[in-house]
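The values are calculated or read from the model by the stated rules, or taken from the named source; none is laboratory data. Remember, predicted model here, so these are calculated numbers, not experimental data. Using ideal geometry, Cβ is built from the backbone for each residue, glycine included, and neighbour counts are taken over all protein chains shown. These area figures cover heavy atoms from the full protein model, side chains too; ligands, DNA and RNA do not enter into them. Shrake-Rupley method; radii C 1.70, N 1.55, O 1.52, S 1.80 Å.
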Amino acid sequence: MTTTAAPDSRFATARQVADAVLFEGYVLYPYRASAAKNRLRWQFGVLVPPAWGAAHEEHAHLQTEILMEPKGAARLAVELRFLHAQRRTVQRALADGTFTDVPELHLADRVLVPWDEGSEERVELSADVAELAGEGVSLPFRRPARETTEPVLDAEGRPVGRLVRRTEEVEGVVRLRATELGGAYRVFKLTAIVENTSPWTPPEGAADRDAALPRSLVAAHLLLGLSAGSFLSMTDPPEWAREAVASCANRHTWPVLAGEPGRADVVLSSPIILEDHPAIAPESAGAMYDATEIDEILALRTAALTDREKREARGTDARAAAVIDLADTMPPEVLERLHGAVRALREITDPGGGPPDLPETLPELPDQGTVFRPDTPWWDPAREDTADPARDRIVIDGVHVGVGSRVLLRPGLRRTDAQDLFLQGMAARVEAVLHDVDGGVHLAVTVEGDPGADIRREQGRFLYFQPDEVTPLEDA
């Protein structure tokens, strides 16, 4: 096993999305430390010290399991990335040359305030796939505590204060193992575990999460790369691998194929669930730390902040300052490019792909006699048997069901939404029997005991189920 860095070319494309994961929610609009949404931070992929996790039901480890098909003497490259929180305090310079902590320090272009910054950390290793058999390999790592100071100068270059950054010690370990599965194909189940092993224990009676964060691995995620071979998709595996994929246990993270489309030699295992081959919108002009593809509204709202608000944002964090500068200097043509994008047509209109081949002549339209026309339209007021939601009845399990009938709701799992699943096993009353143009039948119902049932009837707003999703209770 070696601890050499994986080649940048292998992870370059995946790292763009990994950066978005690393800094998701790092600092939110309006990018000021005083904003309520920026007072509760570090929500994704936080691996806390074990003692804190056990006492407060937070996670101290993550586990990734995914199938891979290595070729020959393949090597596995692994890159663990996380943020190490460092606490920044602001101090004002006194006349006697000493410093004192202050809640704010006003400068011409910014207002400096205390803040927790995130320092990016990486743990890199690689190993032959053959080394991962049995107990596999482990790589402990440690980041020591440290303290640094940065002088703060005014517009004339005179020292007016300083920033003090304190970082606590953090320890962890990366464990890798691979188990070859039986079958016709040479397939391995790769297990990658990241643990926070910091021995720190919270002071007795302490319940402040802020004390644990500087000793945590924040936004922890993994990049995995095979030198030869490929990984199998966890969301769309080949049919022969579905059972093995279903047996993989992923805890507090989810692996997806990353890198360039069409390749399967790189995986991003993220605390945020993504699709295979995720990508940053090409129109995005820079990181804004709120999400992806909402850059236009963020840029417009950021540019509309007052000068004082911008000074506070610039003093909150260097990354927040970069967002302010980006919004203030964004050319109109770049901003216009953010205003919507049609994704689905790009493969068709791509100049490199060329237009599809078209036939030299278009087929003739069929004769009128060959077009099927029903004798009567699907709804004809002149017909005696026209559908009538208030009178129609259908037979379900040998029972005639119509308006007023009581039924037991059994929502179909494959064609209902999450809200309907909460109605499983509840009794309801049929309000109408409806027929659609395709010949389907739908029952409009109200749930018994629903205090809003009368309002639903007045407004004609019902819940709808198909006949095989209900069981008759009685024939009204």
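Worth a mention:
- Separation of region 115-137 from region 152-174 is 28 Å, based on Cα centroids.
- Heavy-atom SASA rank of Asp420, Asp328 (probe 1.4 Å, accessible area, largest first): Asp328, Asp420
- Note on Lys37 and Thr329: the model spin-label points, each 7 Å out from Cα along the C-beta direction, lie 2.5 nm apart.
- Cα→Cβ-extended label distance, 7 Å offset, between Arg391 and Gln466, nm: 2.8 nm
- Difference of contour (0.36 nm per residue) and Cα-Cα distance, Thr179 to Glu448: 91.5 nm
- Ranked packing of 450-461, 230-241, most packed first, by mean Cβ within 10 Å: 230-241, 450-461
- Judged by the ratio a/c of the largest to the smallest principal axis of the C-alpha gyration tensor, region 1-160 counts as prolate, that ratio being 1.5 or greater while a/b is larger than b/c.
- For the peptides 218-224, 155-161, 57-63, the ranking by packing is 218-224, 57-63, 155-161, with the highest mean count of neighbouring Cβ atoms within 10 Å listed first.
- FRET efficiency for Leu473 and Val437, using Cβ-Cβ distance with R0 set to 45 Å, rounded to 0.05: 0.90
- Of the residues Met330, Met426, ranked by 1.4 Å probe accessible area with the largest first, the sequence reads Met426, Met330.
- Heavy-atom accessible area for Thr197, with the other protein chains in place and a 1.4 Å probe, reaches approximately 50 Å².
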